[in-house]
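Engineer: Structure incoming, see below.
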Amino acid sequence: MNIVNVDYDGLIPNNVGLGQDVRVKHALEKWHPGYINWWKDMGPEGFQESLVYLRTAVSVDPKGWAKFDYVRMPKYRWGVLLAPQVEGRKIPFGRHRGEDAWQEVPGEYRAMLRRLVVIQGDTEPASVEQQRYLGKIAPSLYDLRNLFQVNVEEGRHLWAMVYLLQKYFGADGREEAEALLQRRSGDPDTPRMLGAFNEKTPDWLSFFMFTYFTDRDGKMQLEALAQSGFDPLSRTCRFMLTEEAHHMFVGETGVTRVIQRTCEAMKVAGINDPYNIEAVRKLGVIDLPTIQKKANLHFSLTLDLFGNEISTNAANAFHTGLKGRYREDRLKDDHQLENATYPVLRLIDGKIQAEDSPALSALNMRLRDDYVVDCNIGVGRWNKVIEHHGLPFQLKLPHVAFHRHIGEFSSIKADVNGNLLSDVEWNKRRSEFLPSDSDREFIEGLMRPQFEPAKFASWIAPPRLGIDNKPGDFEYVKIA
Ligand SMILES: [Fe+2]
Ligand SMILES: [Fe+2]
């Protein structure tokens, strides 16, 4: 079997030799109809029969792994793809550092490992569910196609995790694979496991913010799991990261295009004050302060996904070699951290201050810090667009203590600069920081579909380049 090229002969495309692995093949084939039912029930509403110009992975070779073609989404070839095995790979961190990477689940860590796989797996279908109504209000066929690309790939990520559950975790893996199809984003009785994945994605600015901020949490988690001593998990995550890059591209360029359109419209109308919100909104574009509020919301919700700053679970996952740090293989230290410390922001005597803590317990905090650095890169690029138009406004990530529901700062209220607020002040000023009902209504009012090739809704600029180098008038979705 050729690990780089994918076997497309069976029901489930794969590069893991499913043809010779009868037990797992049958298990996945049994799971398949439930998955398709889930996709039809909870996937993009109203477009299941449309032809969508999608990329499908046909190889795991970094140079040229995908091909583009028109597909009806329920017929998309969701497959199981792992990055090629690295000969002689060692466990890169923790107490087993330097030992051969595990090809089977180490028995003593089985429960912990299963939990990591299930939590990651649960986020994948959740985002498809959150985004299922967006197609009907897409600002262009180009954006509609990008939404669906993200959706089918999140579906494939679910397959990636379900493969691990079915292959390595026996009966309880099978049960978990079923449960992944039963939970529903935002359902009060059977919600998805993590908070941000139960929020609504009601409009396209939310979608772009979600793919920028929340898919980036996905990237950080996948990077940490790609370091895992459990080799099949590492290889799965490495290939998922290839796809994930596109999701963040959709988010970053989406927000860029919204900002660009706003700035252009303001210049043409001779409006220089970004806070003249009423005048800006009359132009049919989204004012910069509202874009900032959306960023505040999505950034703060996503920070909660990193969990408690101080965490025994995180320490155990690292110490046992299951989940590493962001790009562990590029870090220069002992990779065991038993005597190391890490500065953690805490609430001490009513003040937010850094306190040195044992580095092992502070791994969530560390991953979150790496995440914030990564987030700021795109924010800098957004500000360049505003600067280029000569407008006096800068977007800024809020303080990590702002609007938190998990961890050290969940018990307090803070403004976007990290100043503590009383409950009364917070309630009074909340709509300064977060989208208000009227902000949401304004954005909702802008969300009208634009399905003519080469045309875009009033509030967003066209992209600089087409997907797969297609020209501007390309019909990315043939709506049925
Ligand atoms: Fe994903
Ligand atoms: Fe993603």
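Engineer: Working only within the range 415-469, note down all residues that are at positive phi and not in a loop (DSSP other than H, G, I, E, B). Step through it out loud before you land on a result.
Structural biologist: Keep residues of the range 415-469 that are at positive phi, which gives 418, 454, 468-469.
Scanning the range 415-469 gives 468, 469.
Engineer: Any idea which of 455, 428, 396 is over 21 Å from residue 202 (Cβ atoms), under 25 Å from the mean Cα position of the chain (by Cα) and among the charged types (D, E, K, R)?
Structural biologist: Numbers: 455 fails: under 25 Å from the mean Cα position of the chain (by Cα); 428 fails: under 25 Å from the mean Cα position of the chain (by Cα).
Result: 396 is the single residue among 455, 428, 396 that is over 21 Å from residue 202 (Cβ atoms), under 25 Å from the mean Cα position of the chain (by Cα) and among the charged types (D, E, K, R).
Engineer: Being within 16 Å of ligand 2 (Cβ to nearest atom), touching a strand residue (DSSP E or B) at 6+ places or on another chain (Cβ under 8 Å) and in contact (Cβ under 8 Å) with a residue 40 or more places away in the chain narrows it down to one residue among 224, 196, 160; which is it?
Structural biologist: Only one candidate qualifies: 160.
Engineer: Looking at the range 75-102 only, could you name the residues that are in a loop (DSSP other than H, G, I, E, B) and closer than 30 Å to residue 50 by Cβ? Full working, then the answer.
Structural biologist: Step one: filter the range 75-102 for residues in a loop (DSSP other than H, G, I, E, B), giving 76-79, 81-89, 91-99, 101.
Residues satisfying the conditions are 76, 77, 78, 79, 81.
Engineer: In the range 381-418, what count of residues is obtained for those that are within 18 Å of residue 274 (Cα to Cα) and of a type in the set (Gly, Ala, Ser)?
Structural biologist: Residues that pass the stated criteria total 1.
Engineer: Go through the range 137-179 and give me each residue that's among the polar types (S, T, N, Q) and either away from ligand 1 (no atom under 16 Å from the Cβ) or in contact with a Gly (Cβ under 6 Å, 6 or more places away or on another chain) (or both).
Structural biologist: Keep residues of the range 137-179 that are among the polar types (S, T, N, Q), which gives 140, 146, 149, 151, 166.
Within the range 137-179, 140, 166 qualify.
Engineer: Right, another one. What number goes with the only condition from (1) within 16 Å of ligand 2 (Cβ to nearest atom); (2) closer than 18 Å to residue 388 by Cα; (3) out of contact with any helix residue (DSSP H, G or I) (no Cβ under 8 Å at 6 or more places or on another chain) that residue 249 does not pass?
Structural biologist: The one condition residue 249 does not meet is (2).
Engineer: Name every residue in the range 194-225 that is away from ligand 1 (no atom under 13 Å from the Cβ) and closer than 30 Å to residue 98 by Cα, in order of residue number.
Structural biologist: Selection gives 224 alone.
Engineer: On to the next question. Any idea which of 262, 201, 242, 211 is in a helix (DSSP H, G or I), surrounded by 18 or more Cβ atoms within 10 Å (Cβ to Cβ), within 16 Å of ligand 2 (Cβ to nearest atom) and in contact (Cβ under 8 Å) with a residue 60 or more places away in the chain? Even if it seems obvious, please write down each step before you answer.
Structural biologist: Details: 262 fails: within 16 Å of ligand 2 (Cβ to nearest atom); 201 fails: in a helix (DSSP H, G or I); 242 fails: surrounded by 18 or more Cβ atoms within 10 Å (Cβ to Cβ).
Result: 211 is the single residue among 262, 201, 242, 211 that is in a helix (DSSP H, G or I), surrounded by 18 or more Cβ atoms within 10 Å (Cβ to Cβ), within 16 Å of ligand 2 (Cβ to nearest atom) and in contact (Cβ under 8 Å) with a residue 60 or more places away in the chain.
Engineer: OK, next. Would you mind finding the one in 113, 81 that is among the hydrophobic types (A, V, I, L, M, F, W, C), within 24 Å of residue 157 (Cβ to Cβ) and within 16 Å of ligand 1 (Cβ to nearest atom)? Working first, answer last.
Structural biologist: Working: 113 fails: within 16 Å of ligand 1 (Cβ to nearest atom).
Criteria check complete, one pass: 81.
Engineer: Also, quick follow-up: Among the listed residues 118, 105, 128, which satisfies the condition of being closer than 18 Å to residue 164 by Cα and assigned to a helix (DSSP H, G or I)?
Structural biologist: On the way: 105 fails: assigned to a helix (DSSP H, G or I); 128 fails: closer than 18 Å to residue 164 by Cα.
Sole residue among the options that is closer than 18 Å to residue 164 by Cα and assigned to a helix (DSSP H, G or I): 118.
Engineer: Where residues in the range 438-476 are among the charged types (D, E, K, R) and within 24 Å of residue 397 (Cβ to Cβ), which of them is surrounded by the fewest Cβ atoms within 10 Å (Cβ to Cβ)?
Structural biologist: Among them, the one singled out is 440.
Engineer: Collect the residues in the range 109-137 that are within 16 Å of ligand 2 (Cβ to nearest atom) and free of Cβ contacts under 8 Å to residues at least 60 places away in the same chain, keeping them in residue-number order.
Structural biologist: Residues satisfying the conditions are 121, 124.
Engineer: Please find, within the range 265-306, the residue that is nearest to the chain's Cα centre (by Cα) out of those that are of a type in the set (Asp, Glu) and part of a helix (DSSP H, G or I). Please lay out each step first, then the result.
Structural biologist: Of all residues in the range 265-306, those of a type in the set (Asp, Glu) come to 273, 278, 287, 304.
Still in the running and part of a helix (DSSP H, G or I): 278, 304.
Working: 278: 33, 304: 13 Å.
Among those that are of a type in the set (Asp, Glu) and part of a helix (DSSP H, G or I), it is 304.
Engineer: Mind checking which residues of the range 272-287 are surrounded by fewer than 18 Cβ atoms within 10 Å (Cβ to Cβ) and not hydroxyl-bearing (Ser, Thr, Tyr)?
Structural biologist: 272, 273, 276, 277, 278, 279, 282, 284
Engineer: Further, regarding this structure: What tally of residues in the range 113-155 results from selecting those that are in contact with a helix residue (DSSP H, G or I) (Cβ under 6 Å, 6 or more places away or on another chain) and of a type in the set (Ser, Thr, Tyr)?
Structural biologist: Qualifying residue count, the range 113-155: 2.
Engineer: Let me ask you something else. Within the range 245-259, count every residue that is more than 16 Å from ligand 1 (Cβ to nearest atom) and either free of Cβ contacts under 8 Å to residues at least 24 places away in the same chain or hydrophobic (A, V, I, L, M, F, W, C) (or both).
Structural biologist: 3
Engineer: Sticking with this one: With respect to residue 218, is the statement that it is of a type outside the set (A, V, I, L, M, F, W, C), touching a strand residue (DSSP E or B) at 6+ places or on another chain (Cβ under 7 Å) and either buried (at least 23 other Cβ atoms within 10 Å of the Cβ) or without any contact (Cβ under 8 Å) to a residue 40 or more places away in the chain (or both) true?
Structural biologist: So residue 218 fails the test.
Engineer: Now, a different point. Taking the stated definitions as given, is residue 356 surrounded by fewer than 14 Cβ atoms within 10 Å (Cβ to Cβ), at pLDDT 95 or above and touching a strand residue (DSSP E or B) at 6+ places or on another chain (Cβ under 9 Å)? Walk me through it before giving the result.
Structural biologist: Working: surrounded by fewer than 14 Cβ atoms within 10 Å (Cβ to Cβ): yes; at pLDDT 95 or above: yes; touching a strand residue (DSSP E or B) at 6+ places or on another chain (Cβ under 9 Å): yes.
Yes: the conditions hold for residue 356.
Engineer: Now a separate question. Do we have residue 85 as in contact (Cβ under 8 Å) with a residue 24 or more places away in the chain, in contact with a helix residue (DSSP H, G or I) (Cβ under 6 Å, 6 or more places away or on another chain) and surrounded by fewer than 22 Cβ atoms within 10 Å (Cβ to Cβ) here?
Structural biologist: Against the criterion (in contact (Cβ under 8 Å) with a residue 24 or more places away in the chain, in contact with a helix residue (DSSP H, G or I) (Cβ under 6 Å, 6 or more places away or on another chain) and surrounded by fewer than 22 Cβ atoms within 10 Å (Cβ to Cβ)), residue 85 does not qualify.
Engineer: List the pairs whose first member sits in the range 272-283 and is in contact (Cβ under 8 Å) with a residue 24 or more places away in the chain, whose second member is part of a loop (DSSP other than H, G, I, E, B), and whose Cβ atoms are under 7 Å apart, counting only residues at least 6 apart or on separate chains?
Structural biologist: From the range 272-283, the pairs are 272/391; 274/287; 274/391; 274/392; 274/393; 281/287.
Engineer: Would it be correct to say that residue 229 is modelled with pLDDT of 95 or more, buried (at least 24 other Cβ atoms within 10 Å of the Cβ), within 29 Å of residue 374 (Cα to Cα) and more than 16 Å from ligand 1 (Cβ to nearest atom)?
Structural biologist: yes
The values are calculated or read from the model by the stated rules, or taken from the named source; none is laboratory data. Predicted, not measured: the structure shown is a model, and the values here were computed from it. Here the Cβ is made from the backbone with ideal geometry for all residues, glycine too, and neighbour counts use every protein chain on show.
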